[in-house]
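*Asks:* Below you will find the structure I want to go over with you.
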Amino acid sequence: MGCTLLKITGSLLLLFITKFIAVYVFGRKIAFFTDNFLLFVFAGLVPAYIAKIKHDNFYLWWIFGTWIPGLTIIAALLMDDFSDRHPMQKDLE
């Protein structure tokens, strides 16, 4: 539990740092993304949860889902189950 909380906190911190760097570099041109940053973070949870159900990497899909929510939701819905894609992983478990 503590390790998971630490990963989530670290991921959020990294995303907030990225937000501030983007505002500094690009100015107010990307105001829509920075003003709605939390909305994008929570939208990224949708493909991440779908990927978790399909036995794939939650955090990787969360990061991708935060940056490109619409496309990653579609990709997560269309992807195969991880255990179906990698049959050797079944033998190791």
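The values are calculated or read from the model by the stated rules, or taken from the named source; none is laboratory data. Given the structure is predicted, the values throughout are model-derived calculations rather than measurements. Heads up, the Cβs are rebuilt from the backbone with ideal geometry, glycines too, and the neighbour counts pull from every protein chain shown.
*Asks:* Return the residue satisfying two criteria in turn: it lies in the range 21-34 and is surrounded by 12 or more Cβ atoms within 10 Å (Cβ to Cβ) and modelled with pLDDT of 75 or more, and of such residues it is farthest from Ile63 (Cα to Cα).
*Replies:* Among those that are surrounded by 12 or more Cβ atoms within 10 Å (Cβ to Cβ) and modelled with pLDDT of 75 or more, it is Phe26.
*Asks:* Say we look at the range 53-77 and pick out the residues that are outside any helix (DSSP H, G or I) and within 14 Å of the chain's Cα centre (by Cα); which of these is nearest to Phe42 (Cα to Cα)?
*Replies:* That would be Ile68.
*Asks:* Here are some residues: Asp80, Asp84. Which one is more than 21 Å from Leu13 (Cβ to Cβ), at pLDDT below 85 and assigned to a loop (DSSP other than H, G, I, E, B)?
*Replies:* Matching residue, one of Asp80, Asp84: Asp80.
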